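For reference, the structure discussed in these notes is given below.
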Amino acid sequence: MKPIRMVDLAGQYEKIKEEVDSAIAEVMNTTAFINGPAVQRFQKNLEEYLGVKHVIPCANGTDALQVAMMALDLKPGDEVITTSFTFIATAEVIALLHLTPVLVDVEKDTFNISIEAIRKAITSKTKAIVPVHLFGQSVPMEELMALAKEFNLYVIEDACQSIGSDYIFADGSTKKTGAIGHVGCTSFFPSKNLGCFGDGGAIFTNDDALAEKLRVVVNHGMKVRYYHDEIGVNSRLDSIQAAVLDVKLKNLDSYIDARRSAADFYDRVLGTNSKLIVPARYEKSRHVFHQYTLVANGFDRTKLIAFLQEKGIPAMIYYPVPLHLQKAYIDPRYKQGDFPNTEWLSENVFSLPMHTELDEEQLQYITGSILEFLNK
Ligand SMILES: *Cc1c(COP(=O)(O)O)cnc(C)c1O
């Protein structure tokens, strides 16, 4: 059996090695390292794939979120509502820009931000909502967009874990996550569903004026070279990364299928065990399984993780500490017990290996080992 990894980037690279290597060599030969044709090509192809008018490439997913907030002219003191159960980057950029993060709880079953909780958290200072499509499953975007419209708020989608996932509207039409809100953000960190060979990110929007503003902000606040109309940042996707991403984008749908069939296997074997809660599939979302995350129902997950480790099976905890209990984010507005679903999940979730290269033998071994532990 092949060794089991949380993410098998080597196995995935092996299958597209020739194409990727020649795409990289082309960039090397032309030395168009910054903003070369590879970047423009990838940008166009991603716009087409997502069905979005503008893709603005940038250096990473964290920058994508920060630039989105800068381009929307959010000002110190403005309140931005987001989830208490996510990767830190989401709240980090809010804090860095001296905006006020307002945290709300998640739904127990989908791990995603609660629309009802958002409604209760809206004040006269609220300017934006940042939903995170956690682990690759969409937030109820139709309800969220209606709520945002009612209160005239911006929606900045954190689609760092959900690229390629569809949201299904009540009328049956679909849109890709990240292409539904006013602006969407993603990351091309190597382990993400569309990952490059280093750091990368992108911002999406259908709004022409906002797209222009985003392009100015990522480029030192500059429209005409050496004339700076506002304070910006330097955030670029380099040409080598774009060349790699362009090859991988062609395979993204088959990568998603591979992840979904691994998830189906896990569901089938583990879904009937009362000690495990397998990830809920929200019917309006096509889950792309950035992570396959379960809840340990009444047993100590650390014992299971240690047992699996012994057998050569990695497992991880995403995320062990909710945002409101992180040392750097301690805030008198929040205390332990404020977000019961988030806290319960932080204490009980664990994630299994999830990537495009898992085979039946590995999946059988992983699930068999988990059942062996539970039946001890
Ligand atoms: C990965 C990730 C980010 C940040 O992306 P980077 O490219 O690592 O900066 C932001 N939000 C979420 C939910 C993520 O998973």
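The values are calculated or read from the model by the stated rules, or taken from the named source; none is laboratory data. Nothing here was measured: the structure is a model prediction, and the numbers come from that model. Here the Cβ positions follow ideal geometry from the backbone for every residue, glycine too, while neighbour counts run over all protein chains shown. These area figures cover heavy atoms from the full protein model, side chains too; ligands, DNA and RNA do not enter into them. Shrake-Rupley method; radii C 1.70, N 1.55, O 1.52, S 1.80 Å.
General remarks:
- Pick from region 178-215, criterion aromatic (Phe, Trp, Tyr) and in a loop (DSSP other than H, G, I, E, B), ranking: nearest to the ligand (Cβ to nearest atom): PHE189
- Checking each residue in region 318-332 for being farther than 15 Å from LEU134 by Cβ, open to solvent by less than 50 Å² (accessible area, probe 1.4 Å) and either part of a loop (DSSP other than H, G, I, E, B) or touching a Pro at 6+ places or on another chain (Cβ under 9 Å) (or both) picks out only ASP331.
- Of the residues ILE122, ILE115, ILE81, the single one that is within 27 Å of TRP344 (Cα to Cα) and within 16 Å of the ligand (Cβ to nearest atom) is ILE81.
- Residues of region 171-206 that turn out to be surrounded by fewer than 18 Cβ atoms within 10 Å (Cβ to Cβ) and small (Gly, Ala, Ser), as a count: 4
- When ALA71, ALA38, ALA59, ALA10 are checked against the criterion of being among the hydrophobic types (A, V, I, L, M, F, W, C) and surrounded by fewer than 20 Cβ atoms within 10 Å (Cβ to Cβ), ALA10 stands alone in meeting it.
- When ARG259 is tested against the conditions (1) outside any loop (DSSP other than H, G, I, E, B); (2) of a type in the set (Lys, Arg); (3) outside the structural domain of MET354 (by TED's automatic domain parsing); (4) at pLDDT 95 or above, the lone failure is (3).
- The set of residues in region 333-348 being touching a residue at least 60 places away in the same chain (Cβ under 8 Å), open to solvent by less than 50 Å² (accessible area, probe 1.4 Å) and not in a loop (DSSP other than H, G, I, E, B) consists of ASN341, THR342, LEU345, SER346.
- Boolean, ILE313 is among the hydrophobic types (A, V, I, L, M, F, W, C) and touching a residue at least 60 places away in the same chain (Cβ under 8 Å): yes
- Single unsatisfied condition, LYS127 versus (1) within 16 Å of the ligand (Cβ to nearest atom); (2) open to solvent by 20 Å² or more (accessible area, probe 1.4 Å): (1)
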